[in-house]
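Reviewing the structure listed below.
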Amino acid sequence: MNIKWNDTLTFFARILLAYLFIQAGWGKLFSYEGTAQYMTSQGVSAQWLPLVILLELGGGLAILLGFMTRFTAFSIAFFSLLSGVMFHYDPSSSGQMIHFYKNVSVAGGFLALAVLGAGVLSVDGWLTNKFKQDARYTRLVAFVR
């Protein structure tokens, strides 16, 4: 395995991006009632909360490990934009707009990761390397690569 600077930097980018979502998902998991009440107060059904936790915590861990990175990064980018609009877009509040712009910026980082992939320092990289010569796994390699 030939590790280059871009692989190392992609690894650190995954750590930084994943941290935000792992923390957020963990916080929602252990403050379930409060989060459900907040979502309801914003006009969003609390029934979505388990999916939000799964996306934030599970997606964050998948990004950290570099597993199904392209799909997960694209999903989190979409979620970041959607939640930014739903919860933070309020031009009359500079504090909320800062959170909105943060969500937009994070979405940009995840879109870049979706394009680049996880790099060799990842489960995706390991799977690609392990199965690239085996024709039975061509679709798997194409999907995670």
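The values are calculated or read from the model by the stated rules, or taken from the named source; none is laboratory data. It should be emphasised that the depicted structure is a prediction, and the values quoted were computed from it without experimental measurement. Here Cβ is always computed from backbone atoms with ideal geometry, including for glycine, and neighbour counts include all displayed protein chains.
Screening the candidates 106, 85 for the property of being aliphatic (A, V, I, L, M) and over 18 Å from residue 11 (Cα atoms) yields one hit, 85. Count of the range 71-88 residues, restricted to those that are under 15 Å from residue 106 (Cα atoms) and within 11 Å of the chain's Cα centre (by Cα), is 9. Restricting 79, 74, 30 to residues that are at pLDDT 95 or above, aromatic (Phe, Trp, Tyr) and surrounded by 20 or more Cβ atoms within 10 Å (Cβ to Cβ) narrows the list to 79. From the list 60, 25, the one residue that fits, being in contact with a helix residue (DSSP H, G or I) (Cβ under 9 Å, 6 or more places away or on another chain), modelled with pLDDT of 95 or more, under 16 Å from residue 123 (Cβ atoms) and surrounded by 15 or more Cβ atoms within 10 Å (Cβ to Cβ), is 60. Any residue that is more than 30 Å from residue 132 (Cβ to Cβ), hydrophobic (A, V, I, L, M, F, W, C) and either surrounded by 13 or more Cβ atoms within 10 Å (Cβ to Cβ) or touching a Gly at 6+ places or on another chain (Cβ under 8 Å) (or both) - is there at least one of those in the range 3-21? Yes: the range 3-21 contains one or more residues that are more than 30 Å from residue 132 (Cβ to Cβ), hydrophobic (A, V, I, L, M, F, W, C) and either surrounded by 13 or more Cβ atoms within 10 Å (Cβ to Cβ) or touching a Gly at 6+ places or on another chain (Cβ under 8 Å) (or both).
Residues are listed down the side, and each one gets a yes or a no for (1) modelled with pLDDT of 95 or more; (2) of a type in the set (Ser, Thr, Tyr); (3) not in a helix (DSSP H, G or I):
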{"position": "92", "(1), (2), (3)": "yes, yes, yes"}
{"position": "108", "(1), (2), (3)": "yes, no, no"}
{"position": "137", "(1), (2), (3)": "no, yes, no"}
{"position": "140", "(1), (2), (3)": "no, no, no"}
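Taking the criterion of being part of a helix (DSSP H, G or I), over 14 Å from residue 76 (Cα atoms) and of a type in the set (Lys, Arg), the only residue of the range 1-57 that qualifies is 28.
With the structure loaded, tell me whether residue 24 is over 12 Å from residue 110 (Cα atoms) and touching an Asp or Glu at 6+ places or on another chain (Cβ under 7 Å) or whether it fails that test. So residue 24 fits the description; yes.
Of the residues making up the range 7-41, those that are within 19 Å of the chain's Cα centre (by Cα) and aromatic (Phe, Trp, Tyr) number 5. Annotation note: Cβ proximity below 6 Å between a residue of the range 97-115 that is more than 9 Å from residue 73 (Cα to Cα) and a residue that is outside any helix (DSSP H, G or I) (sequence gap 6+ or interchain) occurs for 100/89.
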